[in-house]
Ligand code: ADP
Ligand code: MG
């Protein structure tokens, strides 16, 4: 074991208690200390003449006490006047001991550090760190002083000394922390060497650009951020390679079955749907698993595309499965597929976690013996006890709830024929291109960039909640004209239970206010069958108004619904609002979305609601969301490891993202052996194993 891969307990002074604290900072090996970078720096390397001090700056000042007094202002304080020949400064202590007062005799020499501010006597430093100087005193610091992120009970000085130990080990055993980027590659990409970067960041020289460091834009920082992003990219590519190393069934385009489906469909495909289908069709013909993401805004018609792909698999003698993230959505897809495919003589099966007893056994049997050619369900579909006879295509709707691990797990579902199913993932979260290239490096991307014709854009208004009665009247009018409406209650706290209670209360209140309407309720705590019944009744037009929690966010399709009220929209992210709003505007009538907010709004919330009023374009909304909330939130934490970056910051380092693919390609070409250790370094042992077959 080399010196840097030892656990931290190998360092002097590290016992169990300290090791536990370090573990809270995700520091386990000695090398982890080196990658624990400072948040900011203090400059204690030079003494600043008092005359050049500015308010708001931290500095070391050295001088002679001119006077010290206890003064009475609004609060009693000890005021020490310090002069250095260039000017005079006050040190002020609100808490002080009599002994302290004694120390500051006129003529005593003091060195202190703190932030200067404009005070009652001119520039002052409150509660500086200070030391009385002796004749033979130590000089100032050699390096900028790093301030590290830390945890309770772990002092900066302790962290600094541990990191200093780690740096000494790096000096004596440089080989134990290899720079995996070859020199030529580093030079082409203008990246400094690893060890030099780490040393620089822990011990910056006095002349270092402290502001650039504070912004995280110093070349040494960018080198590490780049390496981290590279590791994520490599890990996704490795997942892709690993999946594609397996064979997949080659599925010739199933033209006649697809043609029969299209003739029974009441509309022609849009050009964008057709183009994306061509791309999918081509992938399915290859004996290598397809890994394709289809991005298409809400309402762009992804379900038909999924059905056409499924038909190609079925025509090729395979089964197709479609998985949705919620039961409501899965149930709806099930009904759609059943209506579409049964007339073609195809058996469609349904499977969800809540399906129990005989029904479950029957469904599993039909899946296993191949009678069920199309299977629709929730993630229950891909659990261990479900066996497919010959799964050729797995479709995952609403990708942002599905991660790399599940994608790998799908490989095992091709078990019977030894073939891995093709994978098609669909998302309505339009992600800006550079981000998509990083977050989905393991997928090919197709975009449905056109909505079906005849859609009228949804008119969006923001209304303060004191005008609730007007909104109720509006619902009455819409329903009187045979339209339907949604009323969405948003999260009150981080509590599902409270959200459901609020939705129940709203339903009662609206039932009192609108006695002539049939009003239904769906929320996350209802039984799956009850939810499905309510959704079916709403879809059939038996309910006028549906009160719901955000469970209806994804995918629900009821074209006759033309009015949506969203309560407290200021609590939701833009992409989520866009998803919700996408539930209306699906038919040919003019649709409305009312954002019923609770005043006063913060400037930030006002800006977000304004974006919703101004545009219906999912890509623009996603860009804005990214700007306002940052990529971690937009992508969702579960989706990719990118949400847990240690050093890189997707927002700040957006320009790096554009170079990551090129760097990954170059590295795999010039030093393929570096890929796995880089993944291990940044994503841990487990991710390193993805790549092993
Ligand atoms: P999403 O992309 O949000 O999943 P859906 O697949 O639910 O969208 O489609 C939204 C609505 O548009 C559905 O009612 C669907 O039948 C309809 N639709 C899909 N494609 C077309 C088309 N080419 N022309 C007209 N309507 C279409
Ligand atoms: Mg959909």
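So here's what we get for this one:
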item	result
Label-point separation, residue 603 to residue 286 (7 Å along Cα→Cβ), nm	5.0 nm
Distance between the range 176-211 and the range 79-127 - C-alpha centres, whole angstrom	40 Å
Shape call, the range 448-595: gyration tensor on alpha carbons, a/c limit 1.5	rounded
Tilt relative to the chain, helix 156-172 - C-alpha long axis, 0 to 90 degrees, to 10	90 degrees
Alpha-carbon spread of the range 23-98, three principal axes, descending order, Å	51, 29, 21
Helix 603-614 axis, angle to the chain major axis (alpha carbon atoms, nearest 10°)	30 degrees
Modelled FRET efficiency - R0 51 Å, residue 142 with residue 244, Cβ distances, 0.05 increments	0.45
Cα centroid of the range 646-671 to Cα centroid of the range 592-620, whole Å	34 Å
Estimated 222 nm signal from helices in the chain, with DSSP H stretches of n ≥ 4 weighted -39500 (n - 2.57), rounded to 500	-12000 deg cm²/dmol
Segment residue 662-residue 131, extension gain: residue separation times 0.36 nm, minus the distance between their alpha carbons	185.9 nm
Value of D in µm² per second that Stokes-Einstein yields for the chain, Kirkwood Rh from Cα pairs, at 25 °C (0.890 mPa s)	83 µm²/s
0 to 90° range, to nearest 10: angle between helix 528-539 axis and the chain longest Cα axis	70 degrees
Inter-label distance, nm, simple model (7 Å from Cα along the C-beta direction), residue 99/residue 449	7.4 nm
The chain: relative contact order in percent, alpha carbon pairs under 8 Å with at least 6 residues between	13 percent
Computed E for residue 76/residue 109 - FRET, C-beta separation, R0 30 angstrom, nearest 0.05	0.70
Simple label model, 7 Å out from Cα along Cβ direction - residue 267 to residue 365, nm	4.0 nm
Extension gain from residue 212 to residue 406, taking 0.36 nm per residue of separation minus the Cα-Cα distance	65.8 nm
Part-to-part distance (alpha-carbon centres) for the range 307-348 and the range 25-50, which is given in Å	56 Å
Extension gain from residue 383 to residue 476, taking 0.36 nm per residue of separation minus the Cα-Cα distance	28.9 nm
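Taken together, the values in this text are just the output of simple stated rules run on the coordinates, not laboratory data. Note that the structure is a prediction, hence the values are computed from the model and not measured. So basically every Cβ, Gly included, is an ideal-geometry build from the backbone, and we count neighbours across all protein chains shown.
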